[in-house]
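Working notes for the structure below.
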Amino acid sequence: MKIGAHVSAAGGLDKAFDRALELGAEAIQLFTAAPQSWRRRSIASKEIDAFRRRAQETGIGPNFVHGVYLINLASPRPDLVEKSVHSLTEEMHLCHALGISGVIFHLGSHKGEGFEAVFGQICQALATVLSQTPQETFLILENSAGMGDAVGSKFAELGRILREVSSPRLKICLDTQHMFAAGYDVRTRPGLEKALEELEREVGIDKLVAVHANDSKCPLGGGIDRHENIGQGYIGREGFMNIMAHPVFRHIPFLLEVPGLDGEGPDKPNVDALKEVRAAIAS
């Protein structure tokens, strides 16, 4: 498996590879726009060319874009759903231009309306994005921790959406912290096996294309989205030994979204911590 990280693209998208090399990351995730804004800057063809060149030179990949945090396909506000569809569509086209696998994003919150009430509009929004974007690019749903009426904390919800939309381009990213906070005890082999059996039954293991590797500040089933550095949270180093040793994850990239030891985001110590776990499993 590749050990990667979310890295900054400040100063140009191609600069993400320089930061990845500093961390020792083997795959990257990045924002192509400010995560708390709908605004997007225009990206010139020379910047796109530079990104593709650096990807080839470094061999870093597979690589992913994370959608902006404002996206909410479950919103009761039609204008917000429309903005979300537009944002995802633009990201998908940019991913295609950059040679990136796809866009990972949060489905959003139903704001108390309930999953059944928003199920149809979520599926329609996803189908619209897929119909308007390149066939080679994945649209990747991330499981949630369940905080604030968020959709997708349970695999059954994700599975229903995938079956209804029925597209081979609709994929899944599992966040370890979100799984744990949603009640899936990934620390233990029995707990992990139970979770993966449910994933296979409801979603299909073949839909999994990435893992967000994060320890948890939230206890099991706490329902709160709070990431911690590897080995410093409730999942712990032994929990990651358990996760990474499972055959399901053998060829899946692990992407860090941890706070970092200095609070500046994923760093070399966290990348090294996962590499040490990988090496211990292989030995």
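The values are calculated or read from the model by the stated rules, or taken from the named source; none is laboratory data. All figures in this text were calculated on a predicted structure; none of them were measured in a lab. So basically every Cβ, Gly included, is an ideal-geometry build from the backbone, and we count neighbours across all protein chains shown.
Scanning the stretch 23-57 for residues that are at pLDDT 95 or above, surrounded by 12 or more Cβ atoms within 10 Å (Cβ to Cβ) and either aliphatic (A, V, I, L, M) or more than 12 Å from Leu98 (Cα to Cα) (or both) yields Leu23, Gly24, Ala25, Glu26, Ala27, Ile28, Gln29, Leu30, Phe31, Ile48, Ala50, Ala55. Looking only at the stretch 181-192, which residues are without any contact (Cβ under 8 Å) to a residue 24 or more places away in the chain and not in a loop (DSSP other than H, G, I, E, B)? The answer is Pro190, Gly191. Restricting attention to the stretch 222-270, the residues being part of a loop (DSSP other than H, G, I, E, B), more than 23 Å from Val65 (Cα to Cα) and either at pLDDT below 95 or among the hydrophobic types (A, V, I, L, M, F, W, C) (or both) number 4.
Residues in the stretch 1-18 that are in a helix (DSSP H, G or I) and in contact with a strand residue (DSSP E or B) (Cβ under 8 Å, 6 or more places away or on another chain) were compared, and the one that is surrounded by the most Cβ atoms within 10 Å (Cβ to Cβ) is Ala16.
Residues in the stretch 193-221 that are part of a loop (DSSP other than H, G, I, E, B) and either under 23 Å from His6 (Cβ atoms) or touching a Gly at 6+ places or on another chain (Cβ under 9 Å) (or both): Val203, Gly204, Asn214, Lys217, Cys218, Leu220, Gly221. Among residues belonging to the stretch 58-89 that are in contact (Cβ under 8 Å) with a residue 12 or more places away in the chain and surrounded by fewer than 20 Cβ atoms within 10 Å (Cβ to Cβ), point out the one that is farthest from the chain's Cα centre (by Cα). Among those that are in contact (Cβ under 8 Å) with a residue 12 or more places away in the chain and surrounded by fewer than 20 Cβ atoms within 10 Å (Cβ to Cβ), it is Pro76.
For the stretch 92-132, the set of residues classified as closer than 30 Å to Ala5 by Cα, assigned to a loop (DSSP other than H, G, I, E, B) and without any contact (Cβ under 8 Å) to a residue 40 or more places away in the chain consists of Ile100 only. State whether one or more residues within the stretch 106-114 are closer than 21 Å to Asp206 by Cα, out of contact with any Gly (no Cβ under 6 Å at 6 or more places or on another chain) and of a type outside the set (Lys, Arg). Yes, the conditions are met somewhere in the stretch 106-114. Taken together, Arg160, Arg54, Arg169 contain a single residue that is touching a strand residue (DSSP E or B) at 6+ places or on another chain (Cβ under 7 Å) and within 24 Å of Ile252 (Cα to Cα), which is Arg169.
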